[in-house]
Structure formats: structure tokens, C-alpha cells
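Q: After the C-alpha cells below, expect a handful of questions from me.
The values are calculated or read from the model by the stated rules, or taken from the named source; none is laboratory data. Treat the numbers as computed from the prediction; the structure is a model and nothing was measured. As a convention, Cβ positions derive from the backbone with ideal geometry for all residues, glycine included, and neighbour counts pool all protein chains shown.
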Amino acid sequence: MNVLDVNFLRNEKALFVTGTDTGIGKTHVSCALLQALRGAGLTVQGMKPVASGCVWVEGAWQNDDALALQQAAASEQPYALINPYALPLATAPQVAAAKSGTELALEPMTEAFRTLSAHADTVLVEGVGGWLAPLSDTLDQADLVHALDIPVLLVVGMRLGCINHARLSALSIEASGFRLLGWVGNNVEPDFDAEGDYFAALQRVMPSPCLGVVAYGNDL
């Protein structure tokens, strides 16, 4: 069963979506939220400021996650605004940026965000990997969130170790001074937590409310 409560987003002009790790469904959940907000009558934009693992398309590097956000938002804005930094290598952005000789800076990302914000009621900004995964050797995701001045949503990959990873991520987000709106549990493994024990445990120990749960393998 999929349950996503978008009412918490109605009064938010923007949101940063992070995760407990890489490969835990940030893009999947972000696309679902974008679609739900559109269904609620809001104009939305999705953004992936930094993406690694890109293909060369019509004279530019493009990333599948950024394209998925663009499609989910039904955005007509240029791809370069949705994904200002498209890094070719499919590895950690910190490594991909260094390998490609790309120096990441906040200004192109914040400028793109401001442009997208002018065309939307809500902008969802998707991060990279887990919360503490650096964007580059000199730039953390917290630096970007601070520059954008937006709250954070945590996607929790429901698998062994998720309680520890979720609590560590939440503590780090709040210790950095950001508002953690809540978390979404995304079932990334078949048959994990069939009885809901892990989910219930997370609800008891997380410092912010659960705003949704996504079943394994569901196409949203």
C-alpha cells in the first residue's frame, strides 16, 4: 500500500529531499510527491542540482533521475535549470566532479532554483546519496540547503540497519540547524518488515512525523 500525505507541503514553497543512503528511492518518492501535488492543483518543479552518471544527449550530458523529475513535474523549463551540474561518471559526485575537472559552486544552483521557483508553487530539490555525502571536496549538501533556506524531507530505505541510518541522518540534519519536516519509509527490499515492526520502531524514535510509506516495487 502506498500512502503519501502532501498536505504538509501545501504551505511550503520548496523542499530538499535527502535519504539515508544511495539507492533508497529518493527519486521515486520525489516523483510521487510531484505527481500528487500536481493532482492537488499545484504547479510544481523538480530539481536535481548535482547528478552523476549521465549520458550524452543532443550535445549535453543528461541524467535519468533529473529527467524523471522533469517528467513528473510536467516541466517545460530547460534541462540545464533542472540539473545545473551533470557529471558523466556514475560514481559519488565528489569523485565524479574531480575526475571531470568540474568545480562546483553554489551560485549556478541557487540561480537555477530561483528561476524554477518563479514558475512554481512548490519546488522539490533532490540531493545526492545520503545526507552527509559531499557534493564536492569543498561543498556539502548542507551548504546548498543553507543557501536555498528550505526545509528537509528524509527518505528512509526500509532495510536492515534503517533505524540506525534514519536516526543518524535526522540528528545530523537537525544539528545543522535545518527544519526536518518528516520522513517517508520506502520499502526497497521484498518481504522486509512484513509485520511492520521496523516501521513502528521508527515512528517511536524519529524526531519528526512519518509523512508516507511506499510499498516495494510499486510504480507510482
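Q: Within the set of pairs 6 or more residues apart or between chains, which connect a residue that is under 18 Å from ALA166 (Cβ atoms) inside the range 24-48 to a residue that is part of a helix (DSSP H, G or I) and of a type in the set (Gly, Ala, Ser) with Cβ atoms less than 6 Å apart?
A: Note: no pairs meet the criteria.
Q: Now a separate question. So how many residues does the range 122-137 have that are more than 19 Å from ALA68 (Cα to Cα) and not small (Gly, Ala, Ser)?
A: Our first condition is that a residue be more than 19 Å from ALA68 (Cα to Cα); within the range 122-137, this holds for 130-137.
When the remaining residues are screened for being not small (Gly, Ala, Ser), the result is 131-132, 134-135, 137.
Residues flagged as more than 19 Å from ALA68 (Cα to Cα) and not small (Gly, Ala, Ser) within the range 122-137 amount to 5.
Q: Could you identify the single residue in SER176, SER208 that is on the phi < 0 side of the Ramachandran plot, free of Cβ contacts under 8 Å to residues at least 40 places away in the same chain and among the hydroxyl-bearing types (Ser, Thr, Tyr)? Give the derivation first.
A: On the way: SER208 fails: free of Cβ contacts under 8 Å to residues at least 40 places away in the same chain.
Answer to the check: SER176.
Q: Read through the list (1) in contact with an Asp or Glu (Cβ under 7 Å, 6 or more places away or on another chain); (2) at pLDDT 95 or above; (3) assigned to a strand (DSSP E or B); (4) not β-branched (Val, Ile, Thr), then give the number of the only condition that HIS165 fails.
A: All conditions are met except number (3).
Q: Show the residue pairs meeting these rules: Cβ distance below 7 Å; 6+ apart or different chains; first residue within the range 118-132 and more than 21 Å from GLU76 (Cα to Cα); second residue among the small types (Gly, Ala, Ser) and in a loop (DSSP other than H, G, I, E, B).
A: Close Cβ pairs (under 7 Å, with a partner that is among the small types (Gly, Ala, Ser) and in a loop (DSSP other than H, G, I, E, B)) amount to GLY129/ALA92.
Q: Search the range 37-83 for residues being small (Gly, Ala, Ser) and surrounded by 19 or more Cβ atoms within 10 Å (Cβ to Cβ), and hand back the single one that is farthest from ARG159 (Cα to Cα).
A: Start the filter on the range 37-83 by keeping residues that are small (Gly, Ala, Ser), which leaves 39-41, 46, 51-53, 59-60, 66, 68, 72-75, 80.
When the remaining residues are screened for being surrounded by 19 or more Cβ atoms within 10 Å (Cβ to Cβ), the result is 46, 51-52, 66, 72-73, 75.
Details: GLY46: 27, ALA51: 24, SER52: 24, ALA66: 25, ALA72: 26, ALA73: 29, SER75: 33 Å.
The qualifying residue farthest from ARG159 (Cα to Cα) is SER75.
Q: Moving on to the next point. Restricting the search to the range 178-215, which residues are small (Gly, Ala, Ser), at pLDDT below 90 and under 30 Å from ASP149 (Cβ atoms)?
A: GLY212 - this is the single residue of the range 178-215 that is small (Gly, Ala, Ser), at pLDDT below 90 and under 30 Å from ASP149 (Cβ atoms).
Q: Follow-up. Check whether at least one residue in the range 47-67 is modelled with pLDDT of 95 or more, in contact with a His (Cβ under 8 Å, 6 or more places away or on another chain) and not aliphatic (A, V, I, L, M), and report yes or no.
A: No, that holds for no residue.
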